[in-house]
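Reviewing the structure listed below.
The values are calculated or read from the model by the stated rules, or taken from the named source; none is laboratory data. The model shown is predicted, which means the values in this text are computed figures rather than measured ones. So basically every Cβ, Gly included, is an ideal-geometry build from the backbone, and we count neighbours across all protein chains shown.
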Number of protein chains: 2
Amino acid sequence: MWPGGRGAVTAPVPLAGHPPLQEDRTEMAVTLADVAARAGVSSATVSRVLNGNYPVAGGTRERVRRAVAELDYVVNGQARALAAATSDLVGVLVNDVADPFFGLIASAVQAEISAGAEPGGGKLAVVCNTGGSPEAELTYLTLLERQRAAGVVLTGSAVESAEHTAAVTARLTRLAASGTRIVLCGRPPLTLPDGGIAPATVAFDNRGGARRLTEHLLSLGHRRIGYVSGPVERSTTRHRLEGHRAALAVSDRPLGPDAEAYAERLTVHGTYDRASGYDAALELLRREPELTAIVAANDTVALGVCAALRDRGLSIPGDVSVAGFDDLPFSADVSPALTTVRIPLQEAGARAGKLVMGRLAPPPGGVATVGTELMVRGSTAPPAVRTA
Amino acid sequence: MWPGGRGAVTAPVPLAGHPPLQEDRTEMAVTLADVAARAGVSSATVSRVLNGNYPVAGGTRERVRRAVAELDYVVNGQARALAAATSDLVGVLVNDVADPFFGLIASAVQAEISAGAEPGGGKLAVVCNTGGSPEAELTYLTLLERQRAAGVVLTGSAVESAEHTAAVTARLTRLAASGTRIVLCGRPPLTLPDGGIAPATVAFDNRGGARRLTEHLLSLGHRRIGYVSGPVERSTTRHRLEGHRAALAVSDRPLGPDAEAYAERLTVHGTYDRASGYDAALELLRREPELTAIVAANDTVALGVCAALRDRGLSIPGDVSVAGFDDLPFSADVSPALTTVRIPLQEAGARAGKLVMGRLAPPPGGVATVGTELMVRGSTAPPAVRTA
DNA sequence: CTGTTAGCGCCTTCAT
DNA sequence: ATGAAGGCGCTAACAG
């Protein structure tokens with residue numbers, strides 16, 4: 001602390017008589033120089049055998065190796081990074097690690113990043129949980145920039161505010177300028193204002209998937225379809241909703257000019273979780289008791305919708321059909337099994353991982369869109385015949 | 001946005017006197033010295049205002065702040081860590097990010113680690129996905145040691161092999177010796193050979209939970225109970241199985257001395273995933289067609305069991321009762337809702353996070369056990385009356 | 001309060 | 001093939 005300072009107040013001081021929280025013995029770690037001394041060579045030589053990027057005599061190398069083993073030497077990543085101006089950290093930003101949607105992507109990205117890692121080599125995939133908060137997203141980007149990360153993968157929907165987009169773009173531009181590879185996964189491509197090279201993007205066909213899903217419902221005969229959407233400001237939310245509306249727009253719903261207003265009335269926004277689905281379903285039933293189908297913005301929400309319907313004594317799909325989005329693993333296991341739109345999350349994640357590692361050339365135009373597939377299962381069926 | 005930042009939509013504009021941004025990835029980053037020059041002070045002063053741990057005159061501070069903003073300066077974490085011998089990385093090792101069990105824990109740990117992060121401060125939670133592989137676990141520990149991580153949280157079951165345990169213990173000992181805080185979460189406490197201080201541990205009462213679960217089944221009248229276990233060598237697997245057997249041991253099963261062999265025959269080992277549950281259920285039915293209940297090692301496995309039973313035309317719980325473990329979010333939503341054992345994963349994760357941040361004193365004895373709670377739901381019921 | 005001076009541990013030219 | 005020396009960017013004693 002500083003001279004005359006009064007800073008001692010903040011330091012967590014262990015109570016008298018009690019041992020400190022943790023053994024604070026800062027035993028000095030063994031360094032390159034220690035190894036060099038032990039092996040009877042210069043530290044430069046040790047560095048060379050460690051990195052294997054420069055010829056070293058066989059005998060010397062052996063001696064160094066032994067010294068390293070005997071001393072349990074572990075390189076100091078910080079020092080190495082500082083000297084070599086490279087880092088072995090790769091950041092993976094996700095909205096919610098607890099959500100399988102992101103878990104599956106992150107898992108695939110991570111596998112790709114660790115792939116082919118030699119003992120001693122290999123990048124460290126850093127999964128950062130933003131909780132969907134724009135501020136946290138920026139904070140993590142700063143943290144990663146501070147660590148001079150080798151790469152960054154941004155997954156999941158983007159918050160669509162001009163301010164936030166600008167802030168993210170600025171961060172990413174700087175990161176890219178300093179050599180960090182940027183990859184977007186499941187998020188719309190970014191356009192750089194100054195004509196700079198936009199990051200490689202693995203996009204999901206949310207719009208198309210949503211459209212086909214609603215078309216499926218329409219073709220079954222449904223006309224009064226509720227939609228449980230996500231938070232308004234997110235790109236994924238918007239795209240899925242647009243797909244849904246696009247399908248409705250070309251349908252023969254007998255509502256004429258009021259069609260749009262009707263669709264609007266049957267749309268409820270929520271968060272991407274189960275509780276929000278539950279509440280939204282009840283709200284939709286209130287707005288339109290004649291409802292025959294509900295489309296949810298994702299599978300988790302759909303589960304909440306199902307719960308609400310059951311609590312209302314309505315059967316699925318007898319009284320109301322329900323559909324989700326993403327095809328998370330549990331979706332095939334609930335009963336009735338959920339009709340949904342499958343996104344090849346693992347494949348997309350693997351692709352993003354390869355891109356950020358530079359093991360895959362960026363797609364032409366910078367954007368690769370992975371397709372979606374309609375999975376028709378037990379939760380959707382033709383509406384009950386009504387004798388209006 | 002930065003204080004004093006320009007308009008939201010403006011691209012980062014190179015400052016006069018500085019070379020323009022080039023897409024050439026050799027852009028030299030702004031350093032402390034640059035900021036110091038710009039502000040007309042020494043770099044030490046800049047460092048002081050940045051870290052706020054030393055008094056600096058108000059005017060000077062302001063000038064420095066402005067220079068930082070104008071130059072878009074971001075500290076180099078590597079250099080700082082090297083000089084200060086501290087890192088802001090905290091590793092969180094999980095078996096599988098795609099599994100909500102780990103996702104929930106990781107999410108809570110991470111939230112705790114980021115808690116109270118000032119803009120510019122804050123530790124970076126690094127979620128590392130081991131995939132359950134012992135080698136990957138060791139690799140990550142090495143990587144984290146290399147980065148001189150501030151802390152490490154190990155979550156999930158441990159592989160119970162003397163060799164691996166020794167290897168992990170060695171790594172952890174060294175990490176702890178160099179000042180890294182170690183916390184175990186959902187994994188049995190570690191005993192240090194040399195009397196060193198074992199890491200703080202947040203343990204789950206797997207044994208007790210499993211016992212109560214099987215007792216519940218027994219009290220319903222079940223006697224022929226199949227058990228779908230996890231991989232043999234994992235601690236969690238063993239504990240849950242032990243709890244199950246303990247309950248059986250005191251039951252009035254009319255099988256006499258053969259009881260143990262019978263229990264053995266009705267136990268199938270698998271991996272902790274859905275497919276394994278599916279296969280195991282079929283195998284159990286083959287071994288004992290008179291089965292009236294199946295206990296799964298976790299909820300995901302239970303889902304597979306349910307699917308298999310349904311495919312066999314058996315109703316749940318009419319023909320066979322099914323129970324799981326963990327009480328993951330989806331468990332209440334499948335139908336019938338799953339009887340299971342709830343582990344307060346978020347609470348446990350938060351605790352682990354506090355411990356690793358030094359915000360919570362280690363529990364007496366180093367081990368805090370979080371309780372489990374039996375959640376009786378629709379998937380279990382008395383067995384159908386049989387006219388043997 | 002502020003500047004000066006040493007390193008932190010490693011990599012990387014240069015010599016040899 | 002190896003060693004010596006300088007520096008990566010920052011913090012932390014010491015003076016003033």
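Going by the structure shown, is A:V202 buried (at least 23 other Cβ atoms within 10 Å of the Cβ), more than 10 Å from chain B (Cβ to nearest Cβ) and not in a helix (DSSP H, G or I)?
On the way: buried (at least 23 other Cβ atoms within 10 Å of the Cβ): yes; more than 10 Å from chain B (Cβ to nearest Cβ): yes; not in a helix (DSSP H, G or I): yes.
Yes; evaluated as a whole, the condition is true for this residue.
Working only within segment B:129-177, note down all residues that are of a type in the set (S, T, Y) and out of contact with any Cys (no Cβ under 6 Å at 6 or more places or on another chain).
Keep residues of segment B:129-177 that are of a type in the set (S, T, Y), which gives B:130, B:133, B:139-140, B:142, B:155, B:157, B:161, B:165, B:169, B:173.
The answer is B:T130, B:S133, B:T139, B:T142, B:S157, B:S161, B:T165, B:T169, B:T173.
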## Note on the structure
Those residues of segment B:56-73 that are more than 8 Å from DNA strand C (Cβ to nearest atom) and of a type in the set (G, A, S) come to a total of 2
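If I ask for residues that are touching a helix residue (DSSP H, G or I) at 6+ places or on another chain (Cβ under 6 Å) and more than 7 Å from DNA strand C (Cβ to nearest atom), which ones from segment A:74-92 would you list?
A:V74, A:G77, A:Q78, A:A81, A:S87, A:V90, A:G91, A:V92
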## Note on the structure
Those residues of segment B:33-47 that are surrounded by 13 or more Cβ atoms within 10 Å (Cβ to Cβ), in a helix (DSSP H, G or I) and within 7 Å of DNA strand C (Cβ to nearest atom) come to a total of 2
### Task
Exactly one condition in (1) buried (at least 22 other Cβ atoms within 10 Å of the Cβ); (2) within 11 Å of chain B (Cβ to nearest Cβ) is not met by A:R211; state its number.
(2)
### Query
Taking the stated definitions as given, is B:R187 of a type in the set (K, R), in contact (Cβ under 8 Å) with a residue 12 or more places away in the chain and under 16 Å from B:L355 (Cα atoms)?
yes
## Note on the structure
Subset of segment A:140-166, residues facing chain B (nearest Cβ under 7 Å) and over 21 Å from A:A203 (Cβ atoms), comes to A:T142, A:L143, A:E145, A:R146, A:Q147, A:R148, A:E163
### Query
Is it the case that A:R223 is among the basic types (K, R), within 18 Å of A:T267 (Cβ to Cβ) and at pLDDT 95 or above?
no
### Task
Assess whether B:A337 counts as being modelled with pLDDT under 95, outside the structural domain of B:G156 (by the TED database) and out of contact with any Phe, Trp or Tyr (no Cβ under 7 Å at 6 or more places or on another chain).
yes
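Quick check: is even one residue across segment A:350-357 more than 20 Å from A:P382 (Cα to Cα) and in contact with a Gly (Cβ under 8 Å, 6 or more places away or on another chain)?
Applying the first criterion (more than 20 Å from A:P382 (Cα to Cα)) to segment A:350-357 yields A:350-357.
Subset that is in contact with a Gly (Cβ under 8 Å, 6 or more places away or on another chain): A:356-357.
Taking every residue of segment A:350-357 in turn, at least one turns out to be more than 20 Å from A:P382 (Cα to Cα) and in contact with a Gly (Cβ under 8 Å, 6 or more places away or on another chain).
Residue by residue, here is whether (1) touching a residue at least 60 places away in the same chain (Cβ under 8 Å); (2) on the phi > 0 side of the Ramachandran plot; (3) of a type outside the set (G, A, S); (4) in contact with a strand residue (DSSP E or B) (Cβ under 8 Å, 6 or more places away or on another chain) holds:
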residue	(1), (2), (3), (4)
B:Q110	yes, no, yes, yes
B:I113	yes, no, yes, yes
B:G116	no, yes, no, no
B:T130	no, no, yes, yes
B:Y140	no, no, yes, yes
B:L143	no, no, yes, yes
B:V152	yes, no, yes, yes
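Is there a residue in segment A:110-127 that is more than 16 Å from DNA strand D (Cβ to nearest atom) and under 17 Å from B:P100 (Cβ atoms)? If you could, list the steps in order and put the result at the bottom.
Step one: list which residues in segment A:110-127 are more than 16 Å from DNA strand D (Cβ to nearest atom), which gives A:110-127.
Those left that are additionally under 17 Å from B:P100 (Cβ atoms): A:110, A:127.
Yes - at least one qualifying residue is present in segment A:110-127.
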### Task
Taking B:A166 as meeting all but one of (1) more than 19 Å from the chain's Cα centre (by Cα); (2) under 20 Å from B:Q110 (Cβ atoms), write down the number of the exception.
(2)
### Query
Would a scan of segment B:142-153 turn up a residue that is out of contact with any Leu (no Cβ under 6 Å at 6 or more places or on another chain), more than 16 Å from DNA strand C (Cβ to nearest atom), under 19 Å from B:L360 (Cβ atoms) and not in a loop (DSSP other than H, G, I, E, B)?
yes
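Per-residue answers, yes or no, for (1) among the hydrophobic types (A, V, I, L, M, F, W, C); (2) at positive phi:
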residue: A:A170; (1), (2): yes, no
residue: A:R174; (1), (2): no, no
residue: A:G179; (1), (2): no, yes
residue: A:A198; (1), (2): yes, no
residue: A:T201; (1), (2): no, no
residue: A:G208; (1), (2): no, no
residue: A:L217; (1), (2): yes, no
residue: A:P231; (1), (2): no, no
### Task
Identify all residues within segment A:113-149 that are within 20 Å of B:Q147 (Cα to Cα), under 18 Å from the mean Cα position of the chain (by Cα) and hydrophobic (A, V, I, L, M, F, W, C); write none if there are none.
A:I113, A:L124, A:A125, A:V126, A:V127, A:C128, A:L141, A:L143, A:L144, A:A149
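Let's see how each residue does on (1) free of Cβ contacts under 8 Å to residues at least 12 places away in the same chain; (2) outside any helix (DSSP H, G or I); (3) within 13 Å of chain A (Cβ to nearest Cβ); (4) within 12 Å of DNA strand D (Cβ to nearest atom):
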position: B:V49; (1), (2), (3), (4): no, no, no, yes
position: B:P55; (1), (2), (3), (4): yes, yes, yes, yes
position: B:V64; (1), (2), (3), (4): no, no, no, yes
position: B:V68; (1), (2), (3), (4): no, no, yes, yes
position: B:Y73; (1), (2), (3), (4): no, yes, yes, yes
position: B:Q78; (1), (2), (3), (4): yes, no, yes, yes
position: B:A83; (1), (2), (3), (4): yes, no, yes, yes
### Query
Being more than 14 Å from every other protein chain (Cβ to nearest Cβ), touching a Pro at 6+ places or on another chain (Cβ under 7 Å), of a type outside the set (D, E) and surrounded by fewer than 24 Cβ atoms within 10 Å (Cβ to Cβ), is that true of even one residue in segment A:183-195?
no
